[in-house]
Amino acid sequence: MTSALEFGLDSFGDVTSGADGKRIPYAQVIRNVVEEAVLADRLGVDGFGLGEHHRDDFAVSSPEIVLATIAGRTERIRLGTAVTVLSSDDPVRVFERFATLDAVSNGRAEIILGRGSFTESFPLFGYDLTDYDRLFEEKADLMSRLLTEGPVTWEGTVRAGLKNQQVYPKTESGRIRTWIGVGGSPESVVRAARYGFPLVLAVIGGDPARFAPYVDLYHRALAEFGKERLPVAVHAPGFVAGTDQEAADLLWPHVRVMFNRIGRERGWPPMTRDRLENDIAEGAWHVGSPETVANKIAKTVRALGIQRFNLKYTAGTLPHELSMNTVELYATKVVPRVRELLAS
């Protein structure tokens, strides 16, 4: 288990604050994300993922461009998304962009396809939210065919059909590593299996162990569809500092800003410190000292039998310097300790 297990870091390019508490400009946030990825590569992290968003509190709306910049400054880290909002994009263009990223990164490109937890991209690009399910279903079908890198014939209702169409550039390996990210819908899990995509579980609330039935469903569905066994990954939030108390104290004001902003949009009650403490102790947040975070990650890996763990290490206005510290502690202390725990 330990040798096959991969460790990644994910960011949404959250718009952060500086030492003076003032908001950092988008351009600097993006440059900071690049520096975080370069550090992760230098310290041996396996993968780096960037989420796609189209709203005021996130700076990254074109992950592939940022990832291409990172590719030019790194050597080995795999570069992907967390996630690509396929419903409001065009699968042909997604393939073309990532095949290009794969070329400039020497085969390190990955895609995580998803519907996303925000819907701003739908009106922005002229899509109707009433077509939410149909858009993703049809585009996932087309994407699965494009990834074979052969001629594609396809008919649907959400874009023009293709007839024996080639799409370029082709990749050197013949396949871009592509996952489907899900938030806990059984239908989404089965869809990933039906199209033969590895699965990423977005564990952003509750005990990670509650996702075990979805992992079982995924493997059963793969078998029923006659597919080979494929890897499962977890994406979960976290933060690492010197001690458990320091981690919670540093994280809290920035989590409060993030959750309360989103909560006002969605009708959630205000975030409380007690709720964060409970999420750290019993829920999805992997927060604390390196030892505490390593133990919780090991527990998540054991509970779900996953092959990759991605820590979403940024949180709202959390300053760049603290994110850099998390990257360093995750790579140098947490990951080796998780491997030790799982080997024992």
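The values are calculated or read from the model by the stated rules, or taken from the named source; none is laboratory data. Since this is a predicted model, take the numbers as computed values, not measurements. Neighbour counts are summed over all protein chains in view; Cβ atoms, including those assigned to glycine, are modelled from backbone coordinates with ideal geometry. Accessible surface areas use protein heavy atoms only, side chains included; no ligands, DNA or RNA. Shrake-Rupley method; radii C 1.70, N 1.55, O 1.52, S 1.80 Å.
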Sole exception among (1) at pLDDT below 95; (2) buried (at least 24 other Cβ atoms within 10 Å of the Cβ) for Phe48, by number
(1)
Keeping to the stretch 124-149, report how many residues are surrounded by 14 or more Cβ atoms within 10 Å (Cβ to Cβ) and assigned to a loop (DSSP other than H, G, I, E, B).
3
Which residues, taken from the stretch 1-37, are closer than 18 Å to Lys333 by Cα, modelled with pLDDT of 95 or more and either part of a loop (DSSP other than H, G, I, E, B) or over 15 Å from the mean Cα position of the chain (by Cα) (or both)?
Leu5, Glu36
Quick one: in the stretch 272-297, which of the residues that are hydroxyl-bearing (Ser, Thr, Tyr) and not in a helix (DSSP H, G or I) is farthest from Gln245 (Cα to Cα)?
Thr272
Tell me which residues, restricted to the stretch 234-251, are among the hydrophobic types (A, V, I, L, M, F, W, C) and either modelled with pLDDT under 95 or surrounded by fewer than 18 Cβ atoms within 10 Å (Cβ to Cβ) (or both).
none
Restricting the first residue to the stretch 277-297 and requiring it to be more than 10 Å from Val338 (Cα to Cα) and open to solvent by less than 30 Å² (accessible area, probe 1.4 Å), which pairs with a second residue that is in a helix (DSSP H, G or I) and of a type in the set (Val, Ile, Thr) meet a Cβ separation below 8 Å and a spacing of at least six or different chains?
His286/Val293; His286/Ile297; His286/Thr300; Val287/Ile280; Val287/Val293; Gly288/Ile280
Identify, please: which residue in the stretch 183-233 is part of a loop (DSSP other than H, G, I, E, B) and among the β-branched types (Val, Ile, Thr) and is, among those, most open to solvent (accessible area, probe 1.4 Å)?
Ile204
Look at Leu318 and say whether it is within 27 Å of Arg31 (Cβ to Cβ) and not in a helix (DSSP H, G or I).
yes
If a residue must be open to solvent by 60 Å² or more (accessible area, probe 1.4 Å) and in contact (Cβ under 8 Å) with a residue 60 or more places away in the chain, how many such residues does the stretch 162-182 contain?
5
